[in-house]
Amino acid sequence: MSELMIKPRLRWACRRGMLELDVLLAPFVEEGYDALTLEQKHIFERLLAADDPDLFSWFMGHARSKDAELQALVELILKRVKV
């Protein structure tokens, strides 16, 4: 799938049921997604498939993902937000 088709699909997937997730994920797609490696882009798509309560817990630091790749991407997104 071309990059032109992927971005709109990712933007839509970033629209979650929680504002806290929207303000983390949507800007990341616009400003950080292109800098990811191909492997990280696939991991990001897996991250978006996670349930909102899990994502909220991971991003707010209440829990860590049992999947090390997902947790690493959560940390990368959080680090980018704090810069």
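Rundown of residues vs (1) among the aliphatic types (A, V, I, L, M); (2) surrounded by fewer than 13 Cβ atoms within 10 Å (Cβ to Cβ), yes/no style:
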| site | (1), (2) |
| --- | --- |
| Glu20 | no, no |
| Phe28 | no, no |
| Asp34 | no, yes |
| Thr37 | no, yes |
| Lys41 | no, no |
| Leu48 | yes, no |
| Leu55 | yes, no |
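Restricting attention to the range 16-53, the residues that are closer than 17 Å to Leu76 by Cβ and part of a helix (DSSP H, G or I) add up to 24.
Working carefully through the options Lys82, Lys66, find the one that is over 16 Å from Val29 (Cβ atoms) and at pLDDT 95 or above. Before the answer, list the steps.
Details: Lys82 fails: at pLDDT 95 or above.
Testing whether each residue is over 16 Å from Val29 (Cβ atoms) and at pLDDT 95 or above leaves just Lys66.
For Leu4, the requirement of being at pLDDT 85 or above, part of a helix (DSSP H, G or I) and more than 18 Å from Trp58 (Cα to Cα) is not met. The one condition from (1) in a helix (DSSP H, G or I); (2) touching a helix residue (DSSP H, G or I) at 6+ places or on another chain (Cβ under 9 Å); (3) of a type outside the set (S, T, N, Q) that Arg64 does not meet is (1).
The values are calculated or read from the model by the stated rules, or taken from the named source; none is laboratory data. As the structure is a computational prediction, the values presented were derived from the model and not from experiment. Here the Cβ is made from the backbone with ideal geometry for all residues, glycine too, and neighbour counts use every protein chain on show.
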